[in-house]
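Colleague: What follows is a structure written as structure tokens; I'll ask about it next.
Nothing in this text is a laboratory measurement; each read-out follows from the coordinates by a stated rule. These figures come from a predicted structure and were not determined experimentally. Neighbour counts run over all protein chains shown; Cβ positions are idealised from the backbone, glycine included.
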Amino acid sequence: MRAAVLKGPGLLVLDDLPDPECPKGGALIRIKACSICGTDVKMLEAGHRDLAYPRVLGHEMAGIIVEIDGNSTTQEGDLAQVWPGIACGQCRQCRRGDDHRCQEIGILGFSRDGGLAQMLALPPQSLERGLNLLPRELDPSLAALAEPLACCLNGQERSQVSEGDSVLILGGGPIGCLHALLAEMRGAERIIVAERLDSRIQAIRDNTSAQVLQVKESLPLQKALASEIDVPEVDVILTATPEAEISRALVRLLSPGGRLCVFSGPRPENHMQLMDLKPIHYRELTLTGAYGCSSRHNREALSLLGSGAIDADWIITLRASLSEIHDAFAYSGQRRGLKSVICM
């Protein structure tokens with residue numbers, strides 16, 4: 001089979017590998033779509049704490065079951081989306097439903113081979129909680145967006161986005177767009193997306209109810225909100241770009257009872273910022289983080305996409321073949337559009 005193998009930093013090779021065998025109690029999937037995430041781009045450029053080389057990348061995927069061993073609810077020929085976590089199912093976090101926090105977790109595309117290949121072998125744990133059947137009419141490319149949308153669900157649950165909230169999303173890339181759609185569905189009264197790129201700003205305006213604030217170096221975010229959008233404070237801030245700086249100035253944008261979610265991993269130069277604890281105490285602010293998604297979040301996200309409750313097809317701006325993998329990574333890394341998906 002053909003597969004995109006990351007052999008080291010900056011070394012992504014389209015390689016010929018032996019077809020995987022169906023694991024005992026597991027399944028074999030023929031991949032139909034696997035989208036490229038900002039984390040994939042980061043892994044190509046600089047690695048990742050959960051990455052082991054060499055690695056077939058890809059953790060946002062959907063495909064057809066070609067062989068299955070021991071699961072009566074699915075069968076060969078079924079179309080399915082895959083949650084990338086491989087959790088033990090027995091630890092305290094798994095029993096609580098927070099299987100993405102499992103201390104023994106493996107992750108397809110990080111610690112185990114992922115979906116940027118023609119075939120994917122799934123272990124028994126994936127059949128127990130990570131294999132989700134799709135209706136035949138659902139585009140596998142759209143189903144591949146379930147995992148990033150599930151991550152947004154996790155972040156918005158953590159920050160309690162709810163009806164009547166004003167929500168500021170820092171970054172208008174694919175994740176920022178999914179956050180905007182989800183906040184709208186959850187009843188947020190006002191959604192503001194801060195973004196630099198004109199093409200992304202226009203896409204957000206065309207497809208969501210969010211107001212867009214074009215970020216300028218010359219105008220601090222707080223002043224821009226007050227002068228250009230007439231919002232001095234917001235209830236929720238979601239960081240949807242690693243370029244967001246978690247600073248005292250950002251905390252001051254929160255209204256009393258406000259919530260700040262560190263959703264995107266901060267850049268190395270930004271992650272050791274000192275915080276002023278006084279406003280957190282006196283204004284009853286909440287600072288939370290979100291990393292990945294549980295299998296429950298994944299199922300909910302897939303349901304939202306499959307039912308049309310969230311229309312995210314416009315976020316896919318490039319569909320490419322596996323042989324065009326390097327072009328697709330360059331497209332995503334250079335932010336030429338929004339989401340790129342490898343279709344097979």
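Colleague: Among the listed pairs 223/339; 42/223; 42/278; 216/339, give every one whose C-alpha distance is greater than 26 Å. Kindly include the intermediate steps, with their values, before the conclusion.
Modeller: Working: 223/339 31 Å; 42/223 31 Å; 42/278 35 Å; 216/339 24 Å.
Listed pairs above 26 Å: 223/339; 42/223; 42/278.
Colleague: Take the Cα atoms of the chain, build their convex hull, and give its volume per residue in Å³. Mind showing how you got there, number by number?
Modeller: Numbers: hull volume 45.8 nm³, N = 344.
Hull volume over Cα atoms, normalised by residue count, gives 133 Å³.
Colleague: Listing 326, 100 from the residue with the fewest other Cβ atoms within 10 Å to the one with the most, what is the order?
Modeller: On the way: 326 14, 100 25.
Placing the least packed residue first, the sequence is 326, 100.
Colleague: Per the Debye formula with a single identical scatterer at each Cα and no solvent contribution, what log10 I(q)/I(0) holds for region 160-289 at q = 0.17, 0.18, 0.19, 0.21 Å⁻¹?
Modeller: -0.85, -0.97, -1.09, -1.34
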